[in-house]
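Below: the structure, in structure tokens.
The values are calculated or read from the model by the stated rules, or taken from the named source; none is laboratory data. Fair warning: this is a prediction, and the values are worked out from it, not measured in the lab. Positions of Cβ are generated from backbone atoms using ideal geometry, with glycine treated the same way; all protein chains shown enter the neighbour counts. Remember, those area values only see protein heavy atoms, side chains included, never the ligands or the DNA or RNA. Shrake-Rupley method; radii C 1.70, N 1.55, O 1.52, S 1.80 Å.
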Amino acid sequence: MSAAEAGGVFRRARGRTLDAFPSEKEREWKGPFYFIQGADPQFGLVKAWSTGNCDSGGDEWGQEIRLTEQAVEAINKLKPKPRFFVLCGDLVHAMPGVTAVFSGHYHRNAGGTYQNLDMVVSSAIGCQLGQDTHGLRVVVVTAEKIVHRYYSLDELSEKGIEEDLLDLMREK
């Protein structure tokens with residue numbers, strides 16, 4: 001499966017919702033629990049590593065997608081269910097068609113561009129280490145472009161998403 005075909009695999013999750021966490025019943029200690037931590041699905045690395053071309057050989061994601069699906073299936077079969085699943089490390093090795101990468105952890109807004117790839121770092125919901133306010137980044141993806149804007153929590157709560165971003169999402 002090519003990276004382009006892989007997009008369809010992940011679109012199946014659209015429309016699903018997750019109840020807010022933590023809920024009222026989750027706020028107090030109720031005893032031991034467990035969670036699952038996975039790392040480095042790194043889509044594209046299997047082919048790149050096997051061909052010895054780690055700089056540009058990661059254009060096939062099929063094996064990594066199968067392994068990731070196997071991991072999700074194994075987790076879904078567990079009894080009792082884990083409290084949550086966290087995925088760390090490298091998500092992709094090769095990024096065909098990717099024009100922007102979004103991350104956090106720096107606790108301030110930052111970013112830059114390298115070889116037509118935008119790196120966008122969003123400040124924290126929690127502790128601020130720079131001058132930014134506690135907030136969230138809204139990212140709108142259209143067929144032509146990616147547009148993003150950082151909002152303070154107060155601004156997003158009081159005013160919502162600005163009209164120009166909403167206009168981008170309207171069917172034309």
Quiz prompt | Coil-residue GluC sites (Glu not before Pro) of segment 63-172, DSSP, other Cβ within 10 Å capped at 13 | solution = 144, 162, 171
Exercise. Amide H neighbours of residue 111 under 5 Å, at least 5 residues apart or on other chains, H built in the peptide plane: list them.
Key: 121
Exercise. Please go through segment 68-171 and write out the chymotrypsin sites (Phe, Trp or Tyr not before Pro) that DSSP classes as loop and that have at most 16 other C-beta atoms within 10 Å.
Key: 84, 106
Practice problem: Read phi for every residue in segment 70-84 and hand back ³J(HN,Hα) as whole Hz from Karplus 6.51 cos²θ - 1.76 cosθ + 1.60, θ = phi - 60°, with x for Gly and Pro. | Solution: 4, 4, 5, 4, 5, 5, 5, 7, 5, 10, x, 5, x, 5, 7
Quiz prompt | Three-way shape label, segment 44-156, alpha-carbon gyration tensor, a/c 1.5 | solution = oblate
Quiz item: Which net charge results when you count Lys and Arg as +1 and Asp and Glu as -1 among the other residues whose beta-carbon is under 13 Å from that of residue 39?
Solution: -3
Practice problem: Would you work out what percent of the accessible area of segment 42-156, with all protein chains in place, is carbon or sulfur (probe 1.4 Å)? | Solution: 56 percent
